[in-house]
Amino acid sequence: MLKYVETKNAPAAIGPYSQGIIVNGIAFFSGQIPLSPATGEVVGATIEEQTEQVMANIKALLESQGADFTDVVKTTCFLADIADFAAFNEVYAKYFTGKPARSCVAVKDLPKGVLCEVECIAAVKK
């Protein structure tokens, strides 16, 4: 049985998808970009600022399911510019202290012209 994630503390889905789906205690969260949940506007101009907002959005999704960053088992990270890799990693490392499995790639473009997007899979308690 599928359970859909829905929280006002993270940006709403802006297309034909959900914030996440949970099946058998595993949450598959949609990619988060640096949008304000309140306004839907991009937050920050630098990779550091945008990554902080992405992490706030992921935290809200995790908390909505009784989980935290240590429950994340896999992330996929997308960067608009691979030159931002080191700066992105500095912020990322503050949150993902459990060191989940990860893929990180540079892509041609991201929605709304943002600098990063992160999706994750986590074991959840709800």
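The values are calculated or read from the model by the stated rules, or taken from the named source; none is laboratory data. None of the values given here were measured: they were computed from a predicted structure. Neighbour counts run over all protein chains shown; Cβ positions are idealised from the backbone, glycine included. Only protein heavy atoms, including side chains, enter the accessible area calculation; ligands, DNA and RNA are left aside. Shrake-Rupley method; radii C 1.70, N 1.55, O 1.52, S 1.80 Å.
Descriptive notes on the structure:
- Note on the range 15-32: among residues that are assigned to a loop (DSSP other than H, G, I, E, B) and free of Cβ contacts under 8 Å to residues at least 40 places away in the same chain, the one that is surrounded by the most Cβ atoms within 10 Å (Cβ to Cβ) is 18.
- Qualifying residue in the range 48-67 (condition: among the hydroxyl-bearing types (Ser, Thr, Tyr), closer than 21 Å to residue 4 by Cα and open to solvent by less than 60 Å² (accessible area, probe 1.4 Å)): yes
- For the range 79-87, the count of residues that are modelled with pLDDT of 95 or more, among the aromatic types (Phe, Trp, Tyr), outside any loop (DSSP other than H, G, I, E, B) and over 13 Å from the mean Cα position of the chain (by Cα) is nonzero.
- The selection criterion, being under 30 Å from residue 1 (Cα atoms), touching a residue at least 12 places away in the same chain (Cβ under 8 Å) and either surrounded by 15 or more Cβ atoms within 10 Å (Cβ to Cβ) or small (Gly, Ala, Ser) (or both), does not hold for residue 36.
- From the list 74, 59, the lone residue that is in a helix (DSSP H, G or I) and either touching an Asp or Glu at 6+ places or on another chain (Cβ under 6 Å) or in contact (Cβ under 8 Å) with a residue 12 or more places away in the chain (or both) is 59.
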